């Protein structure tokens, strides 16, 4: 199998030495996505704004590969305050419909750019 690097201008550029995503076989591995507006390169200010921007960025990255939310197999959520998990869970209901993808959620002491939340995505064809 070959590895294909995924990059799109429709989502924020990587903030470090990594790719936005990698396709290997029929599986797509997308790096952690922050609530950065790709037009301004600025991180949104609060949790709700960051979460909405992350979901928009996920949609754009998926679209660049002719995929949709239905292709998402698993997400991993990193939050700086797990006490806000219920807010994320409510937003998930707006973003996904049943059957939901697998998910993990982890509290981290700090995220890149001092973001409040970051989400990784694995999708399949």
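Computed from the coordinates by the stated procedures, all read-outs in this text should not be read as laboratory data. As the structure is a computational prediction, the values presented were derived from the model and not from experiment. Glycine also receives a Cβ, built like all others from the backbone with ideal geometry; neighbour counts cover every protein chain displayed.
Quick look at the values:
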quantity: Cα point-scatterer Debye curve for the range 81-125, base-10 log of I(q)/I(0) at q = 0.16, 0.33 Å⁻¹; calculated: -0.53, -1.36
quantity: Where labels lie 7 Å past Cα in the beta-carbon direction, separation of residue 10 and residue 66 in nm; calculated: 1.3
quantity: Listed candidates (1) 1.95; (2) 0.99; (3) 1.38 - label of the one calculated as Cα Rg over 2.2 N^0.38 Å; calculated: (2)
quantity: Inter-probe distance in nm under a simple model that places probes 7 Å from Cα toward Cβ, at residue 103 and residue 90; calculated: 1.4
quantity: Among 110-117, 85-92, the order from most to least packed when residues are scored by Cβ within 10 Å on average; calculated: 110-117, 85-92
